[in-house]
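**Q** Dropping a structure here in structure tokens format, bear with me for questions.
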Amino acid sequence: MPEKKKEKEKRPRIVLPTLKVMFGIMRREKPWFIVIYVFMALAVIASGTAEIIFPKFIIDELVAMAGGEAEAHITNAVLLAAVYIGIIAAANIIAAAGNYFQDILREWFTEYIDLRLAERCMDMDFQYTEDPDALDKLNKAQEGMSWYSGGIMGVTDAVYSIVTNVGKGAASAGIIIFSCPWLLLVQLISLALITFFQARNMKIEQKGFAELSKLNRIFGYVFWQLADFRYGKDVRLYDSAAMMGGKAKYYSDKMCGVWRDQSRAVCKNSWGMDIVNSLRDGVSYFYIGWLALTGVISIGDFSMCIGAAGTLYFSLMGIVGGMQDIANKCNYAHRYIEFMDYPAALSKGTRKVSDGDHTIEFRNVSFKYPRSDKWVLRDVSITIKQGEHLSVVGLNGAGKTTFIKLLCRLYDVTEGEILIDGVNIKEYSDEEYRRLFAVVFQDFSLFAFSLRENIAFSDDTANDPAINEVIGKSGLAGDVGKLADGLDTMIFKSFDENGTELSGGQKQKAAIARALYKDSPVVILDEPTAALDPIAEYDIYRQFDKLVGGKTAVYISHRLSSCKFCDRIAVFSDNTIKEYGTHDELAARPDGIYAEMFRAQAQYYVS
């Protein structure tokens, strides 16, 4: 009971704020279309009223012809018909023009919302990219603003429908009150019953939306992997088509099951609505027919009352249905607002990073990932001075990459603190802080843009001399020289058949070049030579000092020969730093972790 009461209390707070946001966007981006909506509404109300009134007067004129003065009645009938046709024609022209602009704006606002969602995803704290709850909310926001609510245009169309139905309903109600008042009661009773059934259907649809949200995300992932050529080799060589197809069928069947159950539940209420509508029509026709046969109303009045009854009923049903539709659409569209207002995971400071040398300090840092009780790092303390080259080594799962994520403030520490120049990094502004770091992660990404754009992340301010310098340092210059379009060569063939597919080593060199081009004071390389051949790897090591210059460098590698090029080595084990020193110091420890790892690797290079 408390949960149901709480849910009821939430609904009023969803509809009005959502309408405010949707209309606020339209008023800010396309204010002229609100004027078009007003003209469309007036045209619909005018044509709907004309369809009720004008046939009555035309019929009465035609019936009166039998009583004499046929010519005058014919003239009146023709004049009324001409005015009626003119109103309908004008309304149709306004509607056609409005529909034309609606189609254009529907697409425009769809792209607008997609862009806002994309910008929000890029702006959100990184940890949400690995948070199932955040990913589900993103999926609900996308689906809520597309399939279910129709987005900004879907919500505004629902409001527009209510406005037009109020206008037509008011006109038809006035006619009925003066001509056949008991008909109003019939329509209201029918409306109340129809509203009951529609409300039940709305609850069923919202429940289905909640169930389908996660299923859609999982099914979409599996389905698109099947159609992604990048996975073609793995699918074929490991004969995984049957497994992938089976997963797609499994989640497709689960989705169909939800739709099936939903359709069955909705069907029962739809039958109830059909029965109510049939009874309403029967009672309405009987009552109006009786009034006409007893001479209470004329034949023209009979036509007008029939039209008014139908218009009133469907207008009232449109108003109630529209209110339900707005509540329904706002419930879905509000998912977009919730996602856009998703609270920050990290507190943001405003402090600027000072110029000059920087000292990094981890002070008693412990960390566990959100929604996990397992400590990934425990009581880590280390100081990295300006210009120092630190190598971070350890077995898989020792916490090396997590150490880098915390340094880049992709996550906040659970305990302890990280300091830059003696200041807790939480006090710095995000933009200022991240300018300090140029990072190459193991899972770096290249995009289907030109090689220049992939390195500079700019299409109009790229500094070609600087790019040429960094591709030379990273060992990519020779590869670029062989490309037909040089730095303008498109990466991948996604959008350009002349695009190039870089090898793993070339991709890694491009990622290193990107990090160097950023020219940040701290360079972080996470397994930067994993995809390079031994000669290219040796070249990177040989000119390591030249590569990073006087910058501070943090270097993660499983190949311990690279550690010789670093000033200090931090050995991670058991979720903390177990050993710390130079290569010679650590290699000389007979029972040390580093010494054992180094000897294990060295034996493969010594006969």
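The values are calculated or read from the model by the stated rules, or taken from the named source; none is laboratory data. Keep in mind that what you see is a predicted model, and the values were worked out from it rather than measured. Glycine gets a Cβ as well: all are built from the backbone with ideal geometry, and neighbour counts include every protein chain shown.
**Q** For the range 278-316, which positions are modelled with pLDDT of 75 or more and within 43 Å of the chain's Cα centre (by Cα)?
**A** Within the range 278-316, Gly310, Thr311, Leu312, Phe314, Ser315, Leu316 meet the criteria.
**Q** Anything in the range 282-293 that is free of Cβ contacts under 8 Å to residues at least 60 places away in the same chain and touching a Phe, Trp or Tyr at 6+ places or on another chain (Cβ under 9 Å)? List them, or say none. Step through it out loud before you land on a result.
**A** To start, the set of residues in the range 282-293 that are free of Cβ contacts under 8 Å to residues at least 60 places away in the same chain comprises 282, 285-286, 289-290, 292-293.
Across the range 282-293, the qualifying residues are Gly289, Ala292.
**Q** What pairs can you find where one residue is in the range 373-399 and at positive phi and assigned to a strand (DSSP E or B), the other is surrounded by 16 or more Cβ atoms within 10 Å (Cβ to Cβ) and of a type in the set (Lys, Arg), and their Cβ atoms are less than 8 Å apart, with a gap of 6+ or different chains?
**A** Qualifying pairs under 8 Å: Gly394/Lys400.
**Q** Mind checking whether some residue in the range 455-475 is in contact (Cβ under 8 Å) with a residue 60 or more places away in the chain and in contact with a Phe, Trp or Tyr (Cβ under 9 Å, 6 or more places away or on another chain)? Explain how you work it out, then say what you get.
**A** Restricting attention to the range 455-475, the residues satisfying the condition of being in contact (Cβ under 8 Å) with a residue 60 or more places away in the chain are 455-456, 473-475.
Checking which are in contact with a Phe, Trp or Tyr (Cβ under 9 Å, 6 or more places away or on another chain) leaves us with 455-456.
Yes.
Here's the yes/no breakdown for (1) touching a helix residue (DSSP H, G or I) at 6+ places or on another chain (Cβ under 6 Å); (2) without any contact (Cβ under 8 Å) to a residue 12 or more places away in the chain; (3) over 30 Å from Leu117 (Cβ atoms); (4) not assigned by TED's automatic domain parsing to the domain that holds Tyr148:
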| position | (1), (2), (3), (4) |
| --- | --- |
| Gly295 | no, yes, yes, no |
| Gly300 | yes, no, yes, no |
| Gly307 | yes, no, yes, no |
| Ile319 | yes, no, yes, no |
| Gly322 | yes, no, no, no |
| Asp325 | yes, no, no, no |
| Lys329 | yes, no, no, no |
| His334 | yes, no, no, no |
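**Q** Specify which of the listed residues (Lys482, Lys473) is touching a helix residue (DSSP H, G or I) at 6+ places or on another chain (Cβ under 7 Å), among the basic types (Lys, Arg) and over 28 Å from Met124 (Cα atoms).
**A** Values: Lys482 fails: touching a helix residue (DSSP H, G or I) at 6+ places or on another chain (Cβ under 7 Å).
Among Lys482, Lys473, only Lys473 is touching a helix residue (DSSP H, G or I) at 6+ places or on another chain (Cβ under 7 Å), among the basic types (Lys, Arg) and over 28 Å from Met124 (Cα atoms).
**Q** With the requirement that a residue be on the phi < 0 side of the Ramachandran plot, small (Gly, Ala, Ser) and assigned to a helix (DSSP H, G or I), what does the range 145-160 give you?
**A** Listed by number, the residues that qualify are Ser146, Gly154, Ala158.
**Q** Quick check on my filter: what residues within the range 346-372 are of a type in the set (Asp, Glu) and either outside any loop (DSSP other than H, G, I, E, B) or out of contact with any Asp or Glu (no Cβ under 9 Å at 6 or more places or on another chain) (or both)? Quick ask: steps written out before the conclusion?
**A** Filtering the range 346-372 for residues of a type in the set (Asp, Glu) gives 355, 357, 361.
Hits for the range 346-372 are Asp355, Glu361.
**Q** Select from the range 342-363 the residues that are under 26 Å from Ser381 (Cβ atoms) and under 28 Å from the mean Cα position of the chain (by Cα) and list them in ascending order. Steps first, please.
**A** Filtering the range 342-363 for residues under 26 Å from Ser381 (Cβ atoms) gives 345-349, 351, 353-354, 356-363.
Within the range 342-363, Ala345, Leu346, Ser347, Lys348, Gly349 meet the criteria.
**Q** Against the condition acidic (Asp, Glu) and free of Cβ contacts under 8 Å to residues at least 60 places away in the same chain, how does Glu427 come out, does it pass? Write out each step before concluding.
**A** Details: acidic (Asp, Glu): yes; free of Cβ contacts under 8 Å to residues at least 60 places away in the same chain: no.
So Glu427 does not fit the description; no.
**Q** Out of the residues in the range 396-430 that are over 30 Å from the mean Cα position of the chain (by Cα) and either among the polar types (S, T, N, Q) or outside the structural domain of Ile360 (by TED's automatic domain parsing) (or both), state the one that is surrounded by the fewest Cβ atoms within 10 Å (Cβ to Cβ).
**A** Asn396
**Q** Any idea which of (1) of a type outside the set (Val, Ile, Thr); (2) more than 25 Å from the chain's Cα centre (by Cα); (3) at pLDDT below 75; (4) surrounded by 12 or more Cβ atoms within 10 Å (Cβ to Cβ) is the one Ala241 doesn't satisfy?
**A** All conditions are met except number (4).
**Q** Looking only at residues that are aliphatic (A, V, I, L, M) and closer than 15 Å to Ile189 by Cα in the range 272-294, which one is surrounded by the fewest Cβ atoms within 10 Å (Cβ to Cβ)?
**A** Within the range 272-294, the subset aliphatic (A, V, I, L, M) is 273, 275-276, 279, 283, 288, 291-293.
Now restrict to residues that are closer than 15 Å to Ile189 by Cα: 273, 275-276, 279, 283.
Values: Met273: 18, Ile275: 12, Val276: 18, Leu279: 14, Val283: 17.
Step by step, filter the range 272-294, then rank; the result is Ile275.
**Q** Are there any pairs with C-beta distances below 9 angstrom linking a residue in the range 26-47 that is in contact (Cβ under 8 Å) with a residue 12 or more places away in the chain to a residue that is exposed (fewer than 15 other Cβ atoms within 10 Å of the Cβ) and among the polar types (S, T, N, Q), with the two at least 6 apart or on different chains, and if so which?
**A** Once the first residue is in contact (Cβ under 8 Å) with a residue 12 or more places away in the chain and sits in the range 26-47, its partners that are exposed (fewer than 15 other Cβ atoms within 10 Å of the Cβ) and among the polar types (S, T, N, Q) give Met40/Asn99; Ala43/Asn92; Ser47/Asn92.
**Q** Hey, Gln225 hits all of (1) exposed (fewer than 11 other Cβ atoms within 10 Å of the Cβ); (2) part of a helix (DSSP H, G or I); (3) at pLDDT below 75 but one; which does it fall short on?
**A** Answer for Gln225: the failing condition is (1).
**Q** Any chance you could count how many residues in the range 327-357 are surrounded by 22 or more Cβ atoms within 10 Å (Cβ to Cβ) and not charged (D, E, K, R)? Break it down stepwise before answering.
**A** To start, the set of residues in the range 327-357 that are surrounded by 22 or more Cβ atoms within 10 Å (Cβ to Cβ) comprises 328-330, 332-336, 339.
Filter once more, so that each one left must be not charged (D, E, K, R): 328, 330, 332-334, 336, 339.
Qualifying residue count, the range 327-357: 7.
**Q** Within the set of pairs 6 or more residues apart or between chains, which connect a residue that is of a type in the set (S, T, N, Q) inside the range 506-519 to a residue that is assigned to a helix (DSSP H, G or I) and at pLDDT 85 or above with Cβ atoms less than 8 Å apart?
**A** So the pair list comes out as Gln506/Asp479.
**Q** Here is a list: Glu596, Glu579. Which entry is assigned to a helix (DSSP H, G or I), at pLDDT 85 or above and not assigned by TED's automatic domain parsing to the domain that holds Gly472? Quick ask: steps written out before the conclusion?
**A** Values: Glu579 fails: assigned to a helix (DSSP H, G or I).
Step by step, each of Glu596, Glu579 is checked, and only Glu596 is assigned to a helix (DSSP H, G or I), at pLDDT 85 or above and not assigned by TED's automatic domain parsing to the domain that holds Gly472.
**Q** Which pairs do you get when a residue that is assigned by TED's automatic domain parsing to the domain that holds Tyr160 and over 14 Å from Ile337 (Cα atoms), found in the range 96-119, comes within reach of a residue that is polar (S, T, N, Q) and part of a helix (DSSP H, G or I), reach meaning Cβ atoms under 9 angstrom, with the pair 6+ apart or on two chains?
**A** Thr110/Ser146
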